[in-house]
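Below is one structure, written out as structure tokens; the observations come after it.
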Amino acid sequence: MGISYIDEYRAKLVSPEEAVKIVKSGDWVDWGFGHSKPVALDKALSLRKEELRDINLRHVLSLSPEACIEADPHGEVFALNAWYFSGYDRKLHDSGRAYHQPMVFSNQGLYYQKSIKDLVDVAMFRVTTMNKDGFFNLHCACSSLRSIMEAAKQVVVEVNERLPWAMGGAEECIHISEVDYVVEAESRVEEIPVVPPTDIDTLIAGHIVPLIPDGACIQLGIGGLPNIVGTMLAESDIKDLGCHSEMLADAFYHLHEAGKLTNRRKGVDRGKSTFTFAAGSQFLYDWMDHNPSCITYPAGYTNNPRLIAQNPRSVSINACLEVDLFGQVSSESAGIRQISGTGGQLDFATGAYLSEGGSSYICCNSSYTDRDGNLKSRIVPTLVPGSIVTVPRSLTHCVVTEHGIADLAGRSTWQRAEALINIAHPELRDQLVEEAQKMNIWRRSNR
């Protein structure tokens, strides 16, 4: 390290308890995205509960319990405002201790630049150790952290030497000169448990994988379905896959190990796996650490549909909760109950379809069994009242269940209804036909 940066670092180095004194009643405090949430600072701030009031915490995807929220079980001081819910966030929301902030991920940075720039009092991020040039790295959580930092009145970083260094890209670093305080605290890097695929996940993947061409540029998320898609691709004869994804997941590491992930045919960032956040197993973090073939960018770049479309043969694979017979996709709520968030699903559904030779696949089980043992369809006549439309019918491309693929793009309402009913659970199709007839979206010649 240059001596000047060491001196500046030491001058700004304080204890967590000292750093959180900058937070005052009524403040909005940003934790950033996932792994960037500071652990020691969160705990230190929670200890000030009796001194403060009306503190809003803003975060995306909690990967571990929030100390402030746990210390305030009745929500009298701290409230969590989450751009995207993890399972933990969802439970907090159900108990009235967390609130959802709707977003399209590609626009998140713009929200801080244009719409809520006056509502960022303190930014507190977990970062890597500083390098010799005075830079900290944003590791698994580039996302929109620079936009947050630039809007914040004060910035505190919590240095954790366990975090991997993500190469960029752009906006992957913070300089010591941009920081008000530095805290040092070691904490674990949260891993995401592997979700084994179900039999239905395997059937759904079996419809999609044969349609993915050599040279395809893939977007995958987390869960059993992306895992089995990655496994099938790794075991196939496919060649020269690319990665342009908001999330760098375990599946991409496995594709790399199988020699399938070369990024040679990408139109943008050729030779590189592009992502804005990473979440998975420790081997994923070890792989991305100082790896010039894995590059991180802000979400405004990775999730820009126009940029996604510049990669030929882009393939986007995402999950949903329900699809109605008009082709409206609900991926984030069950009625008024918020489950997750829009995230990047709309960005990638749009960008992949715009791509030359590209496809967007939105997947769900055809049915589920309710608490009373009744078989219910996930292909529904209309969405449950209060359900949030994540992908509007005008932008829905392919919907996939274990019974096949319904290509909705460019189709009329009766064609959509017919295609969706054909991939619904066989025992529930007649009922859906009756509803389509009542809704006047079933062609007479089909009756």
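Note on the chain: antiparallel DSSP beta bridges, both residues inside, total approximately 25 percent of the bridges counted. Grab the other residues whose beta carbon is less than 13 angstrom from that of GLY351, score K and R as +1, D and E as -1, and report the net. Summing Lys/Arg as +1 and Asp/Glu as -1 gives -1. Between SER177 and GLU17, full extension at 0.36 nm per residue minus the direct alpha carbon distance yields a gain of 55.4 nm. For the range 1-105, the convex hull spanned by the alpha carbon atoms encloses 118 Å³ per residue. The order of GLU76, GLU322, going from fewest to most other C-beta atoms within 10 Å of their C-beta, is GLU76, GLU322. Based on every Cα atom in the range 220-302, Rg and the maximum pairwise Cα distance Dmax equal 11.8, 34 Å. Computed over the Cα atoms of the range 242-373, pair by distinct pair, the Kirkwood hydrodynamic radius stands at 16.1 angstrom.
Length available on full extension from ARG306 to ARG444: 0.36 nm per residue minus the Cα-Cα distance, which gives 45.7 nm. Longer than 28 Å from Cα to Cα, which of LYS43/LYS153; LYS49/LYS91; LYS117/LYS272 are they? Say none if no pair is. Exceeds cut-off: LYS117/LYS272.
For the range 303-447, the Cα gyration tensor yields ellipsoid semi-axes of 26, 18, 13 Å (square root of five times each eigenvalue, largest first, whole Å). For the pair LYS239 and GLU51, the difference between a 0.36 nm per residue extended length and the Cα-Cα distance amounts to 61.7 nm. Just so you know, the Cα atoms of the chain work out to an Rg and Dmax of 22.8, 81 Å.
Based on Cα contacts under 8 Å between residues 6+ apart, the range 3-184 shows a relative contact order of 25 percent. Each peptide in 89-98, 212-221, 30-39, 119-128 was scored by the mean count of other Cβ atoms within 10 Å over its residues; highest first, the order is 30-39, 119-128, 212-221, 89-98.
Placing a label point 7 Å from the Cα of LYS376 along the Cα-to-Cβ direction, no residue of the range 68-99 has its backbone N under 11 Å from that point. Just to check, using Stokes-Einstein with a Kirkwood Rh over alpha carbon pairs, what's the diffusion coefficient of the range 85-205 at 25 °C and 0.890 mPa s in µm²/s? Once the numbers are plugged in, D ends up at 147 µm²/s. Here's how it looks for SER273: its modeled amide H is under 5 Å from those of CYS294, ILE295, which are all 5 or more places away or on a different chain. Can you tell me which of ASP286, ASP324, ASP269 moves the most in a GNM of the chain? Springs connect C-alpha atoms under 10 Å apart. Looking only at ASP286, ASP324, ASP269, the largest GNM fluctuation is found for ASP286.
Neighbour counts of C-beta atoms inside 10 Å place LEU163, LEU47 in the sequence LEU47, LEU163, starting with the fewest.
Rounded to 0.05, the FRET efficiency of the ASP133 and LEU211 pair, given R0 = 45 Å and the Cβ-Cβ distance, is 0.45.
From the alpha carbon centroid of the range 104-129 to that of the range 1-72 is 15 Å. Taken over the alpha carbons of the range 129-180 as equal point scatterers, the Debye sum produces base-10 log I(q)/I(0) values at 0.20, 0.29 Å⁻¹ of -0.68, -1.40. Summarised as an ellipsoid, the range 3-184 has semi-axes of 25, 19, 15 Å, derived from the eigenvalues of the Cα gyration tensor scaled by 5 and square-rooted, with the largest first.
Readers should treat all values here as calculations from the given coordinates under stated rules, not as data from a laboratory. Here the structure is a predicted model, which means the values were calculated and not measured. Methodologically, a virtual Cβ is constructed for each residue, glycine included, from the backbone with ideal geometry; neighbour enumeration extends over all protein chains shown.
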